[in-house]
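Chemist: Before I ask anything, let me first share the structure, which is written out below as structure tokens.
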Amino acid sequence: MGTTAKEEMTRFWEKNTKSNRPLSPHITIYKWSLPMAMSITHRGTGVALSLGVSLFGLAALLLPEQFPHYLAMVKSLSLGPALIYSAKFALAFPFSYHTWNGVRHLV
């Protein structure tokens with residue numbers, strides 16, 4: 001009869017501890033650089049855009065009213081200009097960053 005995965009892992013770690021082998025390097029050993037930060041941000045904005053478009057499409061399918069109704073509802077909240085411009089920036093930044101970083105990559 002074979003061993004379980006838990007027993008195999010226990011045996012592996014005991015053997016590793018006895019031999020004083022170093023663990024594989026992790027992200028903490030790397031020096032952060034601009035290309036690394038840009039790559040991570042590019043991936044993050046891609047995920048955010050995918051989620052945003054998916055949620056917007058799902059909302060368009062499932063919500064009972066048409067878009068103008070919800071737009072009027074947001075306008076009736078009388079939000080200040082600082083909040084409006086912050087929201088616009090939060091929507092425009094991921095799109096423009098992801099687009100221009102993709103163009104930079106292709107060039």
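The values are calculated or read from the model by the stated rules, or taken from the named source; none is laboratory data. Since the structure is predicted, the reported quantities are computational estimates derived from the model, not experimental observations. Neighbour counts run over all protein chains shown; Cβ positions are idealised from the backbone, glycine included. To get the accessible areas, we keep the full protein, side chains included, count just its heavy atoms, and leave off ligands, DNA and RNA. Shrake-Rupley method; radii C 1.70, N 1.55, O 1.52, S 1.80 Å.
Chemist: Which of the lysines could be linked to Lys18 by a straight reach, that is with a Cα gap under 30 Å, when you skip same-chain ones fewer than 8 residues away?
Modeler: Within the straight-line limit of under 30 Å, Lys18 reaches these lysines: Lys6.
Chemist: May I ask you to list the chymotrypsin sites (Phe, Trp or Tyr not before Pro) in the range 1-83 that are in a DSSP loop and have at most 12 other Cβ atoms within 10 Å of their Cβ?
Modeler: Values: sites: Phe12, Trp13, Tyr30, Trp32, Phe56, Tyr70; in loops: Tyr30, Trp32.
Those that pass, being in a loop and sparsely packed, are Tyr30, Trp32.
Chemist: Rounded to the nearest 20 debye, what is the charge dipole size of the range 1-64 about its Cα centre when +1 sits on each Lys and Arg Cβ and -1 on each Asp and Glu Cβ?
Modeler: On the way: 7 positive and 3 negative charges, 57 e Å.
For this selection, approximately 280 debye.
Chemist: I would also like to ask the following. Tilt of helix 5-19 relative to the longest C-alpha principal axis of the chain, in degrees (0 to 90, nearest 10)?
Modeler: 60
Chemist: Here is a follow-up. With every protein chain kept in place and ligands, DNA and RNA left out, what is the accessible area per residue of the chain? Probe 1.4 Å, answer in Å².
Modeler: On the way: 9750 Å² over 107 residues.
Ligands and nucleic acids excluded, the result is 91 Å² per residue.
Chemist: While we're looking at this one, here's another question. Within the chain, what whole-number % of the accessible surface is contributed by carbon and sulfur, with the 1.4 Å probe and all protein chains included in the calculation?
Modeler: Numbers: 6900 of 9750 Å².
Here carbon and sulfur together make up 71 percent of the probe-accessible area.
Chemist: Let me ask another. Is there a quick way to get the dipole size of the chain? I mean about its Cα centre, with the Cβ of Lys and Arg at +1 and of Asp and Glu at -1; what is the value in debye to the nearest 20? Can you show the working numbers first?
Modeler: Values: 10 positive and 4 negative charges, 89 e Å.
Using only the charged Cβ atoms, the result is roughly 420 debye.
Chemist: For the chain, what ratio Rg/Rh do Cα atoms give with a Kirkwood hydrodynamic radius? Don't skip to the answer; put the middle values down first.
Modeler: Working: Rg = 24.4 Å, Rh = 19.4 Å.
We get a ratio of 1.26 for the chain.
Chemist: Please list, or write none, the lysines whose alpha carbon is within less than 28 Å of the alpha carbon of Lys75, excluding same-chain residues fewer than 8 places away.
Modeler: Leaving aside lysines fewer than 8 places away in the same chain, those within reach of Lys75 are Lys88.
Chemist: For the chain, take the longest principal axis of its alpha carbons; what is the angle in degrees between that and the long axis of helix 81-106, to the nearest 10 within 0 to 90?
Modeler: 50
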